[in-house]
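Report on one structure; see the data block that follows.
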Amino acid sequence: MTSSQKNAHPPTLRERLLAWPENWREYALAGSVVAVITAAGWKLLPESYYLSVGLIYLLGVILLCLRVGRGPVLFAGVLSAFLWEYVFIPPHFKFVIATLQDGLFFSTYFVVALVAGELIARIRAQAENERQREQRATALFNLTRALAEARTLDEAVFAALRQVDGLFGAQTSLALADETGAGLVAHFSSSYVLEGADRAAAEWVFRHHRSAGRFATNRPDGTGYYLSLVREGQAIGVLGVKLPPSAALSFGQRDLLEAFARQLALSVEREHLRAASEREKLLAESEKLHRALFDSVSHELRTPLAVINASTENLAEADPSLRGTLVKEILTAVRRLNRTVENLLDQNRLESGLLKPRLDWCDAGDIINAAVESTHDALDQHPLQIAVPDEMPLVRADFALTEHVLANLLHNAAHYTPAGTPVTLSAGIEAGGRRIFFQVDDRGPGFSPVVRERLFKKFARDEGGRPAGLGLGLSIVRGFVVAQGGEVVAGENPAGGARITVYLPHATPKLGSPT
Amino acid sequence: MTSSHPFRVLVVDDEVQLRRLLRLALEAAHYEVYEAETGQLGLSEAASLHPDGIVLDLGLPDLDGREVLRRLREWSQTPVLVLTVRDGEDDKIGALDAGADDYLTKPFSGRELLARLRAILRRVQPAAEETVVHIGEVEIDFTARLVRRAGAEVKLTAKEYDLLRYLAQHRGRVVTHQQILRELWGANAEDNTHYLRVYMTHLRQKLEPDPRIPRFLKTESGVGYRLVDA
């Protein structure tokens, strides 16, 4: 076992250069232990104790087993055996064994020293294996945790690649299958760029679902080692690892990398499945919205058109006394048609992002008048009360947008409340003086909690009310108010009914005395 | 219509139906109507016919309405009423700046059309001798710089009077904030619309029967004011 395999991370060039002296140090230690025993035995013990010296040698070798590797132990065993024979076993300083007993002692010693060395080395190797297994388990555990904690696939991939970087002292690269499933797209968290032979190796791996590159039989010209990420027979990506030029890849490491690749593949697949189901949900949602829009637009356009059509046809033959009524019907239908078209255009303006409010100083009373005038016909069944304080300051707003907002609110108030109930439009400065408010109160049924939840969403209509309108009114109100830096709040009229309040930022104009 | 010969009006619009309808409404009011369906044709007709007034749709297929106005104004001061769509505040102001006399928002009523046209045509026949203007119960005497309401004199400050006079001279027609500010306070004051709001509030308080719901001194959404010729 080389030192590069002992450590979980492969040795750098520097470590590898230092590996020889480290090993030599073990040999030196073994040599010096044998030398010390030899010197001490020669100096301190009587000649006849040479058998005891053999036992002391054996003790030294066994002790060495605890510190050094198999090579130095064997070295110590052989060296001590020969020194023992040469120095201590009579005749001294001659490789001659005189008696059978000495021969037995010597050969037993030799075998015991070798076996002890081998056994100890095995035990150590086993411990080393254990340590590696544990490291691998820890690495996998860390990876799984990082993958599970990541909120997005990108985060997960980033975490996984950084772990591989650290664990192997390597650079990593991940390429995932593109949308068509035929090409590879490098992931941004890769720490090196796939180019040339590496790119070719990665693509080979992607097509053949087998590993390739350096350390592999296929495409060994790449500088990195490439593993395929496969789920259910489908290649979904390629993981590349670029080890330092001097490093080797052990079986254990290869195994670990494969486990990493499997985990990553699982993660990627899970993300793909999630994205697919999300897309499907969105699609279904937008289809539903689309159908709702289509249904209501078609209803809102066709109803007044039908009225106009029928009334106009009747107009020619109708009794003169009925003509006035028919013309009134046509006018009402035209207004409704006009309103529908306006709302559609407004919504479109909001969604196109082309809406740029032109803020200017406006008289709140002017805005209110304009809104009231344009909703005059809708409000004919509802007494309208307007409450604006005498000291109402100028409002910094887009006149036309604010007028639309108020007109929509008034229209809704008239539309969703029983005929004859009053509608109140008030304005003023909020307590604290930071915001101007416009408020429309009606005495209708108010908002149910469910309705209030989605009140300002597109195509939201109060199903309990009269089934008419596109459900765009409040969505436009909010869009226009927000565009001016304001806020819309739906609430309850303390006297019973609905209340919608529009807040706009308030500032004081620098009123010099104009001359 | 005070003149002996009928006014000649050129309608520039690409929609046949709208042209037909305008012709119907205008001829019923004794105008002599000519039609052009593109901006180019409109310009050449305007040059050859010398109409008294032009009704110009801003949304023409060949030329931008503002461009038509700009070219027309290079050689002609014929009053122009532009037809525009709602929400086109910038278009309206742009057209007015480019020389249009007033605008009408589609969809419009025949009554509105005739009122606007009457007002802009008055410009070519200014009553030079017009010294007194009556609006509702308000009487403005330009020579005496006097304003009376129901016979009683109304005290106006100099600026209030100037504003009222300017609106009265353009009565029935829209005047933009910028036009008023330029006229009354000079070119540097064009952003100071809040001056204008304040003076308008004062004027309404002094002259309107109900200042909160003005009948004469009307606001034109996002564009300016109009003194309604009642």
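Where a number appears in this text, it was derived from the coordinates with a stated rule and is not lab data. These figures come from a predicted structure and were not determined experimentally. With ideal geometry, Cβ positions are generated from the backbone for all residues, glycine too; neighbour counts draw on all protein chains shown.
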Between A:Glu453 and B:Tyr166, take the C-beta separation as r, use R0 = 51 Å, and let me know the FRET efficiency to the nearest 0.05.
0.50
Relative to the longest principal axis of the C-alpha atoms of chain B, give the angle of the C-alpha long axis of helix B:39-49, reported between 0 and 90° and rounded to the nearest 10°.
80 degrees
Dipole of the protein assembly as shown, positive direction: furthest Cα of B:Ala168, A:Ala200, B:Leu63, with charges on the beta-carbon
A:Ala200
Rounded to one decimal in nm, the spacing of the 7 Å Cα→Cβ label points at A:Leu29 and A:His272 is 5.2 nm
What residue among A:Ser277, A:Phe82, A:Gly491 has its Cα farthest toward the positive end of the dipole of chain A, where the charges are +1 on Lys, Arg and -1 on Asp, Glu, each on the Cβ?
A:Phe82
Angle in degrees between helix A:251-317 and the longest Cα principal axis of chain A, rounded to the nearest 10:
10 degrees
As I understand it, the value is the acute angle between the Cα axis of helix A:153-168 and the longest principal axis of the Cα atoms of chain A; what does it come to in degrees, rounded to 10?
10 degrees
Counting only other chains, and only Cβ atoms inside 10 Å, what mean value do you get across the residues of B:192-201?
6
So, R0 is 56 Å and r is the distance between the beta-carbons of A:Arg254 and A:Lys356; what FRET efficiency does that work out to, to 0.05?
0.35
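Over segment A:314-422, what portion of Cα pair distances is larger than 17 Å, expressed as a whole percent? Let's see the in-between values first.
On the way: 3838 of 5886 pairs.
Value for segment A:314-422: 65 percent of Cα pairs lie more than 17 Å apart.
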Separation between the A:Leu289 and B:Ser76 pseudo-spin-labels, each 7 Å from Cα along Cα→Cβ, expressed in nm?
4.8 nm
Between segment B:154-170 and segment B:92-120, what is the C-alpha centre distance in whole Å?
23 Å
Segment A:192-281: GluC sites (Glu not before Pro) falling in loop per DSSP and having at most 12 other Cβ within 10 Å
A:Glu195, A:Glu232
Simple SL model, points at 7 angstrom along Cα→Cβ for A:Ala431 and A:Val112; separation in nm is 10.1 nm
If every Lys and Arg gets +1 and every Asp and Glu gets -1 at its Cβ, then about the Cα centre the protein assembly as shown yields a dipole, in debye to the nearest 20, of 2460 debye
